[in-house]
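Step one of this worksheet: look at the structure below.
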Amino acid sequence: MTIERTPLLKVRDLTVTFGKGHHAVSAVAGVSFDIYEGETLGLVGESGCGKSTTGKALMKIVEPTSGTIDLEGVEVTKLRGRDLRNARTRMQMIFQDPISSLNPRRRVKDIVAEPLDCWKSVAGDERAAIVSKLLNEVGIDPFVYGNRFARQFSGGQCQRISIARSLAMRPKMLICDEMVSALDVSVQAQILNLLSDLKDEYGLTLLFIAHDLAVVKNVSDRVAVMYLGKICEVGPSDVLYDAPAHPYTKFLLGAALEADPDAPTHGEVLQGEPPSPINPPSGCRFRTRCPLAQERCASEEPVLSDIAPGHQVACHFPLISRRD
Amino acid sequence: MSETDRLLVVEDLSTTFTTPSGRLPAVSHISLSLDQNETLGIVGESGSGKTVLARTIMGLQPRTNVEVTGSVLLNGHQMVGVSEAEKRNYWGTDVAMVFQDPMTSLNPVMRVGRQIDEALRVRMNMPKDAARARAIELLELVGIPSPERRYRAYPGQLSGGMRQRVVIATALACSPQLLIADEPTTGLDVTIQAQILNLIDELKERLHMSVVLITHDLGVVATRTSRIIVMYAGRVVETGSTRDVFHRMRMPYTRALLESSPKVTSPSHTRLHAIPGRPPNLVNLPPGCSFAPRCASATQRCHEERPELEVDSTPGHAFACWNPLPIRPERVA
């Protein structure tokens, strides 16, 4: 079990608030999780739940308002300047839109070499050799395509180039923010298979952020479900998908569509839409849409606690009974 | 039922664009038909021509650099080669369309209520008050809470799911017999997607409409359509009843599409069957089967000669393939 291992990344009470006073939006409202070395943690939730902001806060692309982020014993939130740049070589991010994350007017080999050039770590033949190796590994022939411009590539190929670039500094950890949601299914499968190969080869630890439940299950060892800035359930992916403990997780899974005409007809559909994060409901944030909500849910906020080994839920009335 | 009783009969329809790099056959020789109160799914990856097909059926092509041949009979009215003024007689009442992006299909500086009753006032010559009352009724029909208040809202004040409901209400304003929904839920969250798809299903029954549901997601069409069409590179490669296409698929592309998408029910880290390569460039199509370069069972013949749609043993099920998959025995439930 992963529990025995030390976490590579420890996140505690992370909050990100945009704006001030009455207009303050707490996009991430106190999120804690661990990611163990070599595992993939999936982060799912609907749009606006704060999953991308969480990913960006880990990279300090957006400044965390409070909380701690501990990467291999280094407290990332306090880092500035060169130390921060140093830490970022160990943690890299891949973004949703592959085409706009590459400069259309730069050559592929220069894009991939950019991190190396920034650090001036290698030059000349060694640099060229590293770039060729990276491009080969993501399935792009460096001799045929290395000198082409990023604008000449399709979305799937651009995502391959982004992956090669993110691996240039040999990071320990990759944050993948909706990296396949802009791609067609046939290309999406190619990229997911590639990611799984590279993860083994480079010994990567992944935080995989996506809204597509089937994709998240496919890549993740453990899955965390977010709703309105908070994590409502974390557990091993097979367990969480088979027997969700939080009512929200159950609805989310019930809404996922199965490509099978004989699939059981859709269960209860979640009514309404998520409330505004400017003025979140008191107590449990899901209570306004939850069919099981009672008075206690409005007065007392449920905290994330163990329901089974490695499986935590933040709910007063979980769908499965607690066991130790 | 004879051909003339059908709501929609498309015959040998082709749409070709003239581009700087050459002629681009976005839709090639497509025939299909649709009965009253039926839901047809059109499935394909981006660039397969599904949206162009829908727009051609509606008669919404650009005015220049496009050539449309074949015939589209909608309720007995020919939609190909007629003037826009004539087509306008059928828009709204015979056919209406819901587009993919609910933000860009609404006017951001016009109150949503006015966008709905515009159709009623212009097309149905309804007086202003009656149109307003009907628009509020439509907002209620598509499940928008407090419709009187929402009537005065601007699109920017509504969420994506609510905006898509408004777009559906606009499409339903003149009680169309056919609703074409082009990726109506792409870009929406899964829980909202389920709400919108249920709404379309429910409205279809209530208003006795027929629906054409266009999507890239096989999960969307699996339980909500009676027949589906699978498109690849502008052509129909397989068509049949939804159960036949899913359970007795003959075209390797259909299987590849199904197997390449991850499933919620399969265990974590299941290796996906990716389709190698990518869809062909339509300007420069290979002479044979368009899928041949990516197909595992392609032979010499596939690269040289284009297969035509061929009817399978089950009526209504057709596929275009020289080396079809073997027929699987009917799955025991």
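The values are calculated or read from the model by the stated rules, or taken from the named source; none is laboratory data. As the structure is a computational prediction, the values presented were derived from the model and not from experiment. Here the Cβ positions follow ideal geometry from the backbone for every residue, glycine too, while neighbour counts run over all protein chains shown.
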Conditions (1) facing chain B (nearest Cβ under 9 Å); (2) in a loop (DSSP other than H, G, I, E, B); (3) surrounded by fewer than 23 Cβ atoms within 10 Å (Cβ to Cβ) -> A:LEU257 fails only (3)
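Within region B:63-95, how many residues are outside any loop (DSSP other than H, G, I, E, B) and either of a type in the set (S, T, N, Q) or touching a Cys at 6+ places or on another chain (Cβ under 7 Å) (or both)? Even if it seems obvious, please write down each step before you answer.
Keep residues of region B:63-95 that are outside any loop (DSSP other than H, G, I, E, B), which gives B:66-74, B:77-78, B:84-88, B:91, B:95.
Filter once more, keeping what is either of a type in the set (S, T, N, Q) or touching a Cys at 6+ places or on another chain (Cβ under 7 Å) (or both): B:69, B:71, B:78.
So the answer is 3.
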Examine region A:303-316 for a residue that is in contact with a strand residue (DSSP E or B) (Cβ under 9 Å, 6 or more places away or on another chain), charged (D, E, K, R) and surrounded by fewer than 17 Cβ atoms within 10 Å (Cβ to Cβ), and state whether such a residue exists. yes
Checking A:ASP34 against (1) under 23 Å from A:LEU195 (Cα atoms); (2) charged (D, E, K, R); (3) free of Cβ contacts under 8 Å to residues at least 24 places away in the same chain: exactly one of these is not met. Which one? (3)
Answer from A:GLY272, A:GLY267 - the residue that is under 28 Å from A:GLN96 (Cα atoms), modelled with pLDDT under 90 and not aliphatic (A, V, I, L, M): A:GLY272
Sole exception among (1) in contact (Cβ under 8 Å) with a residue 24 or more places away in the chain; (2) within 12 Å of another protein chain (Cβ to nearest Cβ); (3) farther than 30 Å from B:PRO280 by Cβ for B:GLY240, by number: (3)
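Here is a yes/no grid of residues against (1) farther than 29 Å from B:VAL9 by Cβ; (2) modelled with pLDDT of 90 or more:
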residue: B:GLU86; (1), (2): no, yes
residue: B:ALA96; (1), (2): no, yes
residue: B:MET103; (1), (2): yes, no
residue: B:MET110; (1), (2): yes, yes
residue: B:GLN115; (1), (2): yes, yes
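Out of all the residues in region A:227-239, which are under 17 Å from the mean Cα position of the chain (by Cα) and more than 7 Å from every other protein chain (Cβ to nearest Cβ)? Full working, then the answer.
Filtering region A:227-239 for residues under 17 Å from the mean Cα position of the chain (by Cα) gives A:227-237.
If the condition is that a residue be under 17 Å from the mean Cα position of the chain (by Cα) and more than 7 Å from every other protein chain (Cβ to nearest Cβ), then A:TYR227, A:LEU228, A:GLY229, A:LYS230, A:ILE231, A:CYS232, A:GLU233, A:VAL234, A:GLY235, A:PRO236 are the ones that fit.
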Restricting attention to region A:270-293, and to residues there that are surrounded by 15 or more Cβ atoms within 10 Å (Cβ to Cβ) and touching a strand residue (DSSP E or B) at 6+ places or on another chain (Cβ under 9 Å), which single residue is farthest from A:GLY30 (Cα to Cα)? A:PRO274
Looking only at residues that are under 27 Å from A:ASN279 (Cα atoms) and touching a strand residue (DSSP E or B) at 6+ places or on another chain (Cβ under 8 Å) in region A:240-254, which one is farthest from the other protein chains (Cβ to nearest Cβ)? A:ALA245
Tally, over region B:137-159, of residues that are assigned to a helix (DSSP H, G or I), in contact (Cβ under 8 Å) with a residue 12 or more places away in the chain and over 25 Å from the mean Cα position of the chain (by Cα): 4
Which residue pairs have Cβ atoms closer than 6 Å, lie 6 or more positions apart in sequence or on different chains, and pair a first residue in region A:138-150 that is free of Cβ contacts under 8 Å to residues at least 40 places away in the same chain with a second residue that is not acidic (Asp, Glu)? A:ILE140/A:ARG160; A:PRO142/A:SER132; A:PRO142/A:LEU135; A:TYR145/A:VAL108; A:GLY146/A:VAL108; A:GLY146/A:LYS109
Out of (1) outside any helix (DSSP H, G or I); (2) surrounded by fewer than 16 Cβ atoms within 10 Å (Cβ to Cβ), the odd one out for A:ARG296 is which? (1)
Considering A:SER162, A:SER154, which residue is among the small types (Gly, Ala, Ser), under 17 Å from A:ILE191 (Cβ atoms) and in contact with a strand residue (DSSP E or B) (Cβ under 8 Å, 6 or more places away or on another chain)? A:SER162
Failed item in (1) in contact (Cβ under 8 Å) with a residue 24 or more places away in the chain; (2) facing chain B (nearest Cβ under 10 Å); (3) under 30 Å from A:ARG85 (Cα atoms), with A:LEU183 passing the rest: (3)
Of everything in region A:147-161 that's in a loop (DSSP other than H, G, I, E, B) and surrounded by fewer than 18 Cβ atoms within 10 Å (Cβ to Cβ), which residue is nearest to the chain's Cα centre (by Cα)? A:SER154
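Please go through region B:188-204 and give me each residue that is more than 9 Å from every other protein chain (Cβ to nearest Cβ) and touching a residue at least 12 places away in the same chain (Cβ under 8 Å), ordered by number.
In the first step, residues of region B:188-204 are kept if they are more than 9 Å from every other protein chain (Cβ to nearest Cβ); the result is B:196, B:199-204.
Residues satisfying the conditions are B:ILE196, B:LEU199, B:ILE200, B:ASP201, B:LEU203, B:LYS204.
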Go through the residues of region B:26-41 one by one and say whether even a single one is under 20 Å from B:PHE319 (Cα atoms), of a type outside the set (S, T, N, Q) and part of a helix (DSSP H, G or I). no
Residues in region B:288-313 that are loosely packed, with under 14 Cβ neighbours inside 10 Å and part of a loop (DSSP other than H, G, I, E, B): how many? 6
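Every residue in region A:189-201 that is touching a Leu at 6+ places or on another chain (Cβ under 8 Å) and within 8 Å of chain B (Cβ to nearest Cβ), please.
Taking region A:189-201 as the starting set, the residues that turn out to be touching a Leu at 6+ places or on another chain (Cβ under 8 Å) are A:189, A:191-193, A:195, A:198-199.
Across region A:189-201, the qualifying residues are A:ALA189, A:LEU192, A:ASN193.
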Taking the stated definitions as given, is A:ALA224 buried (at least 23 other Cβ atoms within 10 Å of the Cβ), touching a Gly at 6+ places or on another chain (Cβ under 8 Å) and more than 7 Å from chain B (Cβ to nearest Cβ)? yes
Members of region B:259-286 found to be more than 7 Å from every other protein chain (Cβ to nearest Cβ) and surrounded by 19 or more Cβ atoms within 10 Å (Cβ to Cβ), listed by number: B:PRO279, B:LEU282
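With respect to A:LEU270, is the statement that it is within 9 Å of chain B (Cβ to nearest Cβ) and not in a helix (DSSP H, G or I) true? Steps first, please.
Working: within 9 Å of chain B (Cβ to nearest Cβ): yes; not in a helix (DSSP H, G or I): yes.
Criteria met by A:LEU270.
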